[in-house]
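To start, the structure under review is shown below, and the notes come after it.
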Amino acid sequence: MTDQSTTPLVELRDVSKFYGNIKALEGVSLEVHAGEISCVLGDNGAGKSTLIKIIAGLHQHDAGTFSIEGEETRLANPRDALDRGIATVYQDLAVVPLMPVWRNFFLGSEPTKGAGPFKRLDVDLMRRTTRSELLRMGIDLRDVDQPIGTLSGGERQCVAIARAVHFGAKVLVLDEPTAALGVKQSGVVLKYVAAARDAGLGVVLITHNPHHAYLVGDRFVLLKRGAMSGSHVRDEITLDDLTREMAGGSELDQLSHELER
Amino acid sequence: MTATAPAEAPAPGGRAPADERLLKTSLLRKLLGRPELGSVVGAAAVFLFFAIVADSFLRASSFGTVLYAASVIGIMAVPVALLMIGGEFDLSAGVLVTSSALVSSMFSYQMTANIWVGVLVSLLVTLAVGVFNGVMLTRTKLPSFIITLGTFLMLTGLNLGLTKMISGTVSTKTIADMEGFSSAKALFASQVTLGGVNLKVTVLWWLGLVALATWILLRTRAGNWIFAVGGGTEAARAVGVPVNKTRVGLYMGVSLGAWISGQHLLFSFDVVQSGEGVGNELIYIIAAVIGGCLITGGYGSAIGSAVGAFIFGMTSKGIVYAEWDPDWFKFFLGAMLLLATLLNAWVRKRAEATR
Ligand SMILES: Nc1ncnc2c1ncn2[C@@H]1O[C@H](COP(=O)(O)OP(=O)(O)O)[C@@H](O)[C@H]1O
Ligand SMILES: [Mg+2]
């Protein structure tokens with residue numbers, strides 16, 4: 001097993017979540033370690049987004065425990081999560097499309113200069129930093145003034161990831177970053193996910209693609225209709241097993257047995 | 001964007017061609033990327049049109065008159081534009097101006113001898129209405145259209161009802177002989193002569209507000225938040241933007257504009273008609289939209305709203321100078337709104353395409 005001696009950056013234990021009387025999550029556990037990628041896999045409606053909304057501070061869990069660096073917590077809102085070093089990149093909600101790249105990059109954490117009524121955005125610093133931080137992650141933007149909506153989906157995800165890394169996030173949460181992307185763009189995004197991991201962040205990667213997960217993942221949690229149907233570290237499982245388990249596991253065996261002639 | 005990964009290697013010649021391309025298109029692109037471009041073209045067309053059809057339109061005195069008409073709308077169009085960039089409407093903005101004037105007039109008349117007390121009480125009451133709109137919006141999550149429609153109706157009723165109850169008629173008593181009247185009039189309703197042109201002081205208020213709003217929008221954190229709240233509420237919330245505070249602040253901005261406009265209304269005539277202001281909220285919105293504000297939020301400018309208000313001023317007075325029936329005014333305004341919106345949409349598409 002991977003290094004169990006250190007305290008995980010984020011740890012969920014037997015977490016449950018109800019929307020009214022809809023059970024969205026039940027008894028789910030997840031560990032996120034620095035310099036590792038924890039993948040959460042599951043079909044549509046399995047509860048993946050619900051799980052990360054708890055980590056991101058958008059929702060609160062109804063049962064179980066949620067610890068950050070060993071300390072049990074309950075996040076009040078996304079700002080709270082950010083302050084604790086947890087940055088989340090949502091699939092469609094990562095950026096404000098009509099705003100320039102540099103304004104998006106610093107949104108919510110804008111640097112200022114001057115004092116009193118003359119306190120103003122440090123526009124030069126913002127533009128320069130955006131450019132250099134993106135370059136550092138290997139993204140060469142022609143113009144940081146273009147609306148971020150003019151970038152492709154993969155590029156937007158990359159900017160959002162670069163932003164999280166720049167602001168010193170310890171944990172990066174990504175909700176299906178590759179779901180709407182083609183093969184090549186998915187590859188680019190996964191490369192930046194790996195770059196964030198190499199920078200020492202703990203990453204939670206949500207996906208319903210076991211191939212993407214296995215390319216970069218260190219731990220795998222499988223969700224099925226809100227319940228945890230499997231939890232593995234990389235050494236214990238092959239891509240084939242992971243794919244099979246995702247596709248239905250023993251149910252699939254049963255089915256193939258029945259269909260056998 | 002190009003990544004430096006082998007699969008995404010830049011075209012032969014490295015990065016230089018990209019930068020060259022950037023230089024060539026950047027000026028045109030910057031210009032096309034401005035929200036107010038469409039309205040500036042429209043304003044030039046309207047100006048030319050009336051300069052040709054109305055002889056007296058080009059006189060210096062006419063210019064002062066046009067600017068005055070523009071400023072009365074413009075003072076409110078600025079905060080309404082900011083609110084629209086933030087993704088919301090305020091249908092109570094028109095009658096709130098009247099409410100603000102009524103409060104300072106009646107409070108001063110009934111309670112004290114000094115006008116300034118009423119003026120300050122009016123500021124507090126007007127701001128409170130803005131806070132009410134903003135808090136109702138953020139708490140109930142109902143559309144601002146509905147909430148401010150409610151405020152609009154309630155204020156309309158209160159304006160008439162309370163004025164009749166307190167003054168006995170639909171207008172307030174004159175306050176011209178009260179202490180502080182002349183100093184308040186100097187601030188809100190005087191005339192200044194600049195370069196041989198007589199200008200109402202509202203023109204200065206208007207220009208000041210445009211400058212302040214532009215500064216806030218483009219150079220402060222709050223401005224960044226306004227664009228973000230209007231252009232992508234959930235994305236803004238997820239990165240920690242105080243969405244609700246921003247919205248309440250925007251409604252308070254509308255209140256501030258309504259207070260200035262209301263005091264102007266009061267001190268230019270010294271009495272206030274309690275039924276006034278209904279319908280003006282739409283004119284403020286029209287000015288903002290003509291000026292390039294996107295009705296769905298996230299895009300627009302304060303300068304655009306000023307150009308929109310200027311088009312309004314030119315049209316309303318130009319029709320008079322051309323000696324046409326003023327009934328045509330609404331027709332022109334409607335046509336202008338449609339044309340400007342189409343032009344803005346087209347310009348925006350072009351701007352995206354050149355990137
Ligand atoms: N805000 C909500 N209110 C009620 N039910 C919800 C809400 N969000 C999600 N759900 C339900 O919870 C379940 C899990 O959803 P979600 O976490 O979005 O799944 P996934 O991201 O894996 O597709 C679904 O059945 C969904 O309909
Ligand atoms: Mg989801």
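The values are calculated or read from the model by the stated rules, or taken from the named source; none is laboratory data. The structure presented is a predicted model; accordingly, all values stated were derived computationally and were not measured. Here Cβ is always computed from backbone atoms with ideal geometry, including for glycine, and neighbour counts include all displayed protein chains.
The figures follow:
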quantity	calculated
A:Leu174, sole failed condition from (1) surrounded by 22 or more Cβ atoms within 10 Å (Cβ to Cβ); (2) without any contact (Cβ under 8 Å) to a residue 24 or more places away in the chain	(2)
Sole exception among (1) of a type outside the set (D, E, K, R); (2) within 16 Å of ligand 2 (Cβ to nearest atom); (3) outside any loop (DSSP other than H, G, I, E, B) for A:Ala46, by number	(3)
Failed criterion for A:Val89 (all others in (1) under 20 Å from A:Gly217 (Cα atoms); (2) away from chain B (no Cβ under 12 Å); (3) within 16 Å of ligand 2 (Cβ to nearest atom) hold)	(2)
Checklist (1) buried (at least 18 other Cβ atoms within 10 Å of the Cβ); (2) over 30 Å from B:Met106 (Cβ atoms) applied to B:Phe329, failing item	(1)
Residues of region A:68-82 classified as surrounded by fewer than 22 Cβ atoms within 10 Å (Cβ to Cβ) and either more than 8 Å from chain B (Cβ to nearest Cβ) or in a loop (DSSP other than H, G, I, E, B) (or both), total	10
Total residues in region A:92-101, condition more than 16 Å from ligand 2 (Cβ to nearest atom), assigned to a loop (DSSP other than H, G, I, E, B) and of a type outside the set (A, V, I, L, M, F, W, C)	1
Residues located in region A:92-122, provided they are among the aliphatic types (A, V, I, L, M), closer than 18 Å to A:Val159 by Cβ and within 8 Å of another protein chain (Cβ to nearest Cβ)	A:Leu93, A:Ala94, A:Val95, A:Val96, A:Leu98, A:Met99, A:Leu107
Among residues of region A:142-155, those that are surrounded by 21 or more Cβ atoms within 10 Å (Cβ to Cβ) and either at the interface with chain B (Cβ under 8 Å from one of its Cβ atoms) or at pLDDT 85 or above (or both), counted	4
Test: residue in region A:107-116 that is assigned to a strand (DSSP E or B), surrounded by fewer than 19 Cβ atoms within 10 Å (Cβ to Cβ) and away from ligand 1 (no atom under 16 Å from the Cβ)	yes
Criterion: within 14 Å of chain B (Cβ to nearest Cβ), of a type in the set (A, V, I, L, M), more than 16 Å from ligand 1 (Cβ to nearest atom) and surrounded by fewer than 19 Cβ atoms within 10 Å (Cβ to Cβ) - qualifying residue of A:Val216, A:Val188, A:Val183	A:Val183
Which numbered condition A:His61 misses (of (1) away from ligand 1 (no atom under 16 Å from the Cβ); (2) more than 9 Å from chain B (Cβ to nearest Cβ); (3) touching a residue at least 40 places away in the same chain (Cβ under 8 Å))	(1)
Subset of region B:103-128 [in contact with a Gly (Cβ under 8 Å, 6 or more places away or on another chain) and either outside any helix (DSSP H, G or I) or within 25 Å of B:Leu282 (Cα to Cα) (or both)]	B:Val103, B:Ser104, B:Thr112, B:Asn114, B:Ser122, B:Thr126
Search result, residues across region B:289-303 that are at pLDDT below 95 and assigned to a helix (DSSP H, G or I)	B:Val289, B:Ile290
Tally, over region B:214-233, of residues that are more than 12 Å from B:Gly249 (Cβ to Cβ) and of a type in the set (Gly, Ala, Ser)	4
Whichever residue in region B:133-153 is in a helix (DSSP H, G or I) and either basic (Lys, Arg) or without any contact (Cβ under 8 Å) to a residue 24 or more places away in the chain (or both) and, among such residues, is farthest from B:Gly86 (Cα to Cα)	B:Leu153
Candidate set from region B:1-54 (those that are surrounded by 13 or more Cβ atoms within 10 Å (Cβ to Cβ) and among the acidic types (Asp, Glu)); member that is modelled with the lowest pLDDT	B:Glu8
Some residue of region B:252-265 being away from chain A (no Cβ under 14 Å) and either farther than 30 Å from B:Leu123 by Cβ or of a type in the set (Asp, Glu) (or both)	no
Positions within region B:194-247 being among the basic types (Lys, Arg) and within 11 Å of chain A (Cβ to nearest Cβ), in sequence order	B:Arg219, B:Arg221, B:Arg237
Counted residues, region A:180-223 - those being in contact (Cβ under 8 Å) with a residue 40 or more places away in the chain and aliphatic (A, V, I, L, M)	14
The listed residue being away from chain B (no Cβ under 11 Å) and without any contact (Cβ under 8 Å) to a residue 24 or more places away in the chain, out of A:His232, A:His166	A:His232
Verdict on A:Ala34 being touching a residue at least 60 places away in the same chain (Cβ under 8 Å), assigned to a loop (DSSP other than H, G, I, E, B), of a type in the set (A, V, I, L, M, F, W, C) and closer than 24 Å to A:Asp83 by Cβ	yes
Selection from region B:228-278 of residues that are in contact with a strand residue (DSSP E or B) (Cβ under 8 Å, 6 or more places away or on another chain), crowded, with 24+ Cβ neighbours inside 10 Å and either more than 30 Å from A:Pro78 (Cα to Cα) or at pLDDT 90 or above (or both)	B:Val272, B:Ser274
Failed item, numbered, when A:Lys224 is tested on (1) closer than 23 Å to A:Pro100 by Cα; (2) within 16 Å of ligand 1 (Cβ to nearest atom); (3) touching a strand residue (DSSP E or B) at 6+ places or on another chain (Cβ under 9 Å)	(1)
Unmet requirement for A:Val28, which otherwise passes all of (1) in contact with a helix residue (DSSP H, G or I) (Cβ under 8 Å, 6 or more places away or on another chain); (2) surrounded by fewer than 19 Cβ atoms within 10 Å (Cβ to Cβ)	(2)
Residue, surrounded by the fewest Cβ atoms within 10 Å (Cβ to Cβ), within region B:199-227, restricted to residues that are more than 30 Å from B:Leu265 (Cα to Cα), of a type in the set (A, V, I, L, M, F, W, C) and free of Cβ contacts under 8 Å to residues at least 24 places away in the same chain	B:Leu218
